[in-house]
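Engineer: Let me begin by handing over the structure; questions about it come next.
The values are calculated or read from the model by the stated rules, or taken from the named source; none is laboratory data. Just so it is clear, the structure is predicted and the values come from calculations on it, not from any experiment. Reconstructed Cβ throughout: ideal geometry from the backbone, glycine too, with neighbour counts over all protein chains shown.
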Amino acid sequence: MAINPLMPLLGILGAVLALSGLVLSEIDPSRPGTVATLESLGLLCLLMYLVGNWQRLKTFSTQRSTILGFHSILAIVLMIGILVIVNFLVVRHGGRWDLSETQRFSLAPQTFQVLGQLRQDVHIRVFAHERSPGFGAYRDWLDTYSHVSPHILVTFIDPEKEPQLARELDITKIDTAVFQSGEHTIQVTKPTEANLTSALIRVTRNEKKRVVFLEGHGERRIQNHESGGLSFLKKRLRAQGYEVDRGGLNNDASILQGTTVLIVAGPRERISEGETNFLMDFVETGGSLLLLIDPRTNSGLEPMLAQWGLELGPGIIVDPEDRVSQGSPTFLRVRRFTTHAITQGFTAPILLPVSQDVTFDQARALQWTFTSLTQSSDSSWANTNFTQMTPEFEEGKDRKGPFTLAAALEFRDGKNSGAPHPSTVIIGNSAFASNAYAKFPGNTDFLLNAVAWLAQEEALISISAKDPTFAPFIPNPTQEHMLLAVQVFSVPLLLLFLGITIWRRRRQL
């Protein structure tokens with residue numbers, strides 16, 4: 001009986017020793033001997049406590065309150081066990097459900113196929129923070145990608161906290177994802193399924209498609225870093241995984257060998273007939289052209305375009321409805337896009353300073369399929385009186401809109417059973433691709449999409465964009481005036497009137 005008062009101390013000591021052993025094993029795994037000693041002493045103390053209080057424990061266990069309490073504890077333990085098992089199964093074998101209204105986070109079958117065929121790790125670093133517009137979309141898409149394939153490794157980086165890394169990877173804007181696999185690197189600036197899956201395809205293959213900028217006729221140059229150059233476009237194309245080069249045709253077409261897309265950006269001098277023949281042969285053998293032709297220039301490409309049923313101008317497009325705020329009516333902010341792979345999912349407008357229209361005559365080119373990509377408004381016209389300081393529509397002289405400002409041509413031949421393949425994109429302006437305007441989001445997306453379509457990158461994957469439940473509202477100049485009148489003048493004046501009315505009524509009380 002003298003030892004009974006020491007029994008509680010033995011129980012407490014045993015629990016402390018056992019707990020100390022568990023903590024030490026987590027803190028310092030290199031001391032297994034000490035841990036084993038503590039656990040053994042703790043077990044010995046607990047056994048001594050159990051033997052010394054066996055009779056009391058036996059009597060206590062037969063009481064009705066103890067039995068009910070034990071049943072309650074057992075039910076709690078069983079429920080915890082069920083939750084642990086369910087959680088384990090969900091983590092290891094659980095599914096994912098897309099409960100969004102438009103199923104916008106459900107992967108397309110093509111994406112599942114690409115992810116299933118991955119045999120190498122792809123490191124994706126997303127330069128974004130939680131407040132940036134694209135952070136949520138990147139997180140949702142890439143979480144789904146990494147759930148499907150263990151080879152997708154995603155890291156989110158705040159460029160404000162790690163500016164040095166952003167500079168090393170040439171990150172120029174927020175919400176940019178860098179895909180890296182081996183020595184290949186691809187940048188994505190718009191978090192859509194089509195862009196992300198296309199980047200996966202390009203970064204995991206060895207082939208690089210070649211894009212060449214034509215020179216020798218006063219074209220804009222990719223090595224020019226001033227506002228009129230194309231150095232930004234060159235950098236963006238290389239970030240997309242293309243091999244970018246430049247050169248002239250001269251007396252041979254060696255520059256076209258191995259070229260997928262040839263870009264003719266704003267020629268100021270006439271391209272010779274021999275060079276035009278090289279271009280026609282290039283297209284007929286499967287090459288693709290991106291033509292950026294400015295108004296009131298004689299490029300020398302007119303006979304070739306006429307054979308394809310195309311004609312540029314005449315005149316400069318004036319659009320009072322789709323101009324840039326209160327700027328010149330010839331400086332267009334185009335927001336009308338047709339259904340095409342290049343303009344798929346477009347929400348941001350594009351800037352086209354001083355542009356001309358593109359027309360097509362199907363009767364002259366039966367083998368070509370013409371698709372308008374962007375259009376001016378119904379209130380636009382083609383101004384041909386260039387002496388006017390303020391353009392005005394002249395009935396009988398100027399043509400009335402709407403006009404096609406950019407178009408795509410697809411060539412059909414008997415060799416591919418009539419199936420269309422990319423051939424030419426033509427735009428009535430080249431300044432929008434220059435360093436001064438290419439950084440505008442709509443311009444960047446349009447240019448990169450046009451090159452991808454011409455390079456048949458979209459043929460590798462065809463994923464339909466899912467309509468968002470929220471469509472952004474982009475006002476035209478008339479709507480901007482109405483919003484200004486309501487928000488800046490009408491609402492404050494109404495509040496002032498109500499305030500004065502309430503004040504006068506209170507004075508009369």
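Engineer: For the stretch 157-189, which residues satisfy the criterion of being among the basic types (Lys, Arg) and touching a Ser or Thr at 6+ places or on another chain (Cβ under 9 Å)?
Structural biologist: 173, the sole residue that qualifies.
Engineer: Take the residues of the stretch 304-338 that are crowded, with 20+ Cβ neighbours inside 10 Å and either among the acidic types (Asp, Glu) or not assigned by TED's automatic domain parsing to the domain that holds residue 374 (or both): which is modelled with the highest pLDDT?
Structural biologist: Applying the filter and picking the extreme gives 319.
Engineer: Quick check on residue 341: is it hydrophobic (A, V, I, L, M, F, W, C), closer than 17 Å to residue 451 by Cβ and at pLDDT below 85?
Structural biologist: Yes: the conditions hold for residue 341.
Engineer: Okay, moving on. Being closer than 26 Å to residue 230 by Cβ, out of contact with any Pro (no Cβ under 8 Å at 6 or more places or on another chain) and not in a helix (DSSP H, G or I) narrows it down to one residue among 120, 187; which is it?
Structural biologist: Working: 120 fails: closer than 26 Å to residue 230 by Cβ.
Sole residue among the options that is closer than 26 Å to residue 230 by Cβ, out of contact with any Pro (no Cβ under 8 Å at 6 or more places or on another chain) and not in a helix (DSSP H, G or I): 187.
Engineer: Filter the stretch 222-234 for residues that are crowded, with 18+ Cβ neighbours inside 10 Å and not hydrophobic (A, V, I, L, M, F, W, C); which is farthest from residue 106 (Cα to Cα)? I'd like the intermediate steps shown before the answer.
Structural biologist: First pass over the stretch 222-234, keeping only residues crowded, with 18+ Cβ neighbours inside 10 Å: 222, 229-230, 232-234.
Those left that are additionally not hydrophobic (A, V, I, L, M, F, W, C): 229, 234.
Numbers: 229: 41, 234: 34 Å.
My answer is 229.
Engineer: In this structure, is residue 199 of a type outside the set (Val, Ile, Thr) and in contact with a Ser or Thr (Cβ under 9 Å, 6 or more places away or on another chain)? Can you show your working first?
Structural biologist: Values: of a type outside the set (Val, Ile, Thr): yes; in contact with a Ser or Thr (Cβ under 9 Å, 6 or more places away or on another chain): no.
When the stated conditions are applied, residue 199 does not pass them.
Conditions (1) within 17 Å of the chain's Cα centre (by Cα); (2) of a type in the set (Val, Ile, Thr), marked per residue:
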| position | (1), (2) |
| --- | --- |
| 117 | no, no |
| 125 | yes, no |
| 134 | yes, no |
| 140 | yes, no |
| 169 | no, no |
| 172 | yes, yes |
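Engineer: Which ones in the stretch 182-208 are crowded, with 20+ Cβ neighbours inside 10 Å and over 18 Å from residue 157 (Cα atoms)?
Structural biologist: Passing the criteria: 193, 194, 195, 197, 198, 199, 200, 202, 203, 204.
Engineer: Is it the case that some residue within the stretch 191-206 is within 15 Å of residue 454 (Cα to Cα) and either small (Gly, Ala, Ser) or modelled with pLDDT of 85 or more (or both)?
Structural biologist: The answer is yes; a qualifying residue exists.
Engineer: Return yes when residue 194 is small (Gly, Ala, Ser), under 25 Å from residue 237 (Cβ atoms) and in contact with a Phe, Trp or Tyr (Cβ under 6 Å, 6 or more places away or on another chain) and no when it is not.
Structural biologist: Working: small (Gly, Ala, Ser): yes; under 25 Å from residue 237 (Cβ atoms): yes; in contact with a Phe, Trp or Tyr (Cβ under 6 Å, 6 or more places away or on another chain): no.
Criteria not met by residue 194.
Engineer: Additional query: Looking for something in a loop (DSSP other than H, G, I, E, B) and either in contact (Cβ under 8 Å) with a residue 60 or more places away in the chain or not assigned by TED's automatic domain parsing to the domain that holds residue 135 (or both) - is there at least one such residue anywhere in the stretch 158-169?
Structural biologist: From the stretch 158-169, those in a loop (DSSP other than H, G, I, E, B) are 158-162, 169; that's our starting set.
Those still in the list that are either in contact (Cβ under 8 Å) with a residue 60 or more places away in the chain or not assigned by TED's automatic domain parsing to the domain that holds residue 135 (or both) too: none.
No, every residue in the stretch 158-169 fails to be in a loop (DSSP other than H, G, I, E, B) and either in contact (Cβ under 8 Å) with a residue 60 or more places away in the chain or not assigned by TED's automatic domain parsing to the domain that holds residue 135 (or both).
Engineer: Report those strands (runs of 3 or more DSSP E) wholly inside the stretch 325-387 carrying at least 3 residues which are under 29 Å from the mean Cα position of the chain (by Cα).
Structural biologist: Values: elements: 331-334, 350-353, 358-360, 368-375, 381-383.
Ranges flagged: 331-334, 350-353, 368-375.
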